[in-house]
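A short worksheet on the structure shown next.
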Amino acid sequence: MEDVPARAFDTPEEKERVAMILEPVQHDLTLTRKTDAAFAQLARERTARHPLRTYLWLPAARAVTIWFTPRIELLPVSGHVFPLAQIREDDPSIKKSPACFFALNLFYVGLGSGALPALAFESGRPAAVAFLALFLVLRTAFLTTLETPEPRYVLVCFPALMALGAQAFARRSETN
């Protein structure tokens, strides 16, 4: 329980309750229906106390995570970007690769989403732009409903972002 961050619990009593639920699991490493039911009850209580957290903030945090986590599973570096001080403390040999990939993600998402409004109103093909935007929004919305979304699930969206960005650059070069 010491490894679980404090933000995972609303109150110290809730932390104690989770510890009691997990105590039998620590001995035989088996989740039972009773354990699952106890966590389901805890989840219902948390949702009743903070519905916005469950239905808005957590999906938004999942969306940010899946879009901006560096996709470096096959590289010999850590995939964590934040907090930078903690990462350097944990692994002093870490390179700047995760931060560079994070910046690249920011660039691509900024490129596509920044071009979207201009293309939607100035483009001669608003239906195509709307289709790409709808694809990006629906894919992200669907992925935020999964319990364990992975960043690789949005890789199929990056060509759409690049296409939107390329169209924006093409439109600028045509006007100049």
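The values are calculated or read from the model by the stated rules, or taken from the named source; none is laboratory data. Being a predicted model, the structure only gives us computed values, none of them experimental. Don't worry about glycine lacking a Cβ; one is built from the backbone with ideal geometry, like all the others, and counts go over all protein chains shown. Accessible surface is based on the protein model in full, side chains and every heavy atom, while ligands, DNA and RNA are left aside. Shrake-Rupley method; radii C 1.70, N 1.55, O 1.52, S 1.80 Å.
Here are a few things to note about the model shown:
- Each label point was placed 7 Å from the Cα along the Cα-to-Cβ direction; for LEU22 and MET162 their separation is 4.1 nm.
- Ordered from largest to smallest accessible area (heavy atoms of protein chains, 1.4 Å probe), the residues PHE158, PHE135 come out as PHE135, PHE158.
- Residues of region 25-40 falling in the label zone of LEU58, defined by backbone nitrogen less than 14 Å from a point 7 Å along Cα to beta-carbon, are 39-40.
- Estimated FRET transfer efficiency when R0 is 35 angstrom, pair ALA6-ALA127 (beta carbons, to 0.05): 0.10
- Rounded to the nearest Hz, the phi-derived 3J(HN,Hα) couplings of region 32-44 under the Karplus curve 6.51 cos²θ - 1.76 cosθ + 1.60 (θ = phi - 60°) are 9, 5, 5, 5, 4, 5, 5, 5, 5, 5, 4, 5, 4, where x marks glycine and proline.
- Cα-based shape type of region 9-73, given that a ≥ b ≥ c are square roots of the gyration tensor eigenvalues and the cut on a/c is 1.5: oblate
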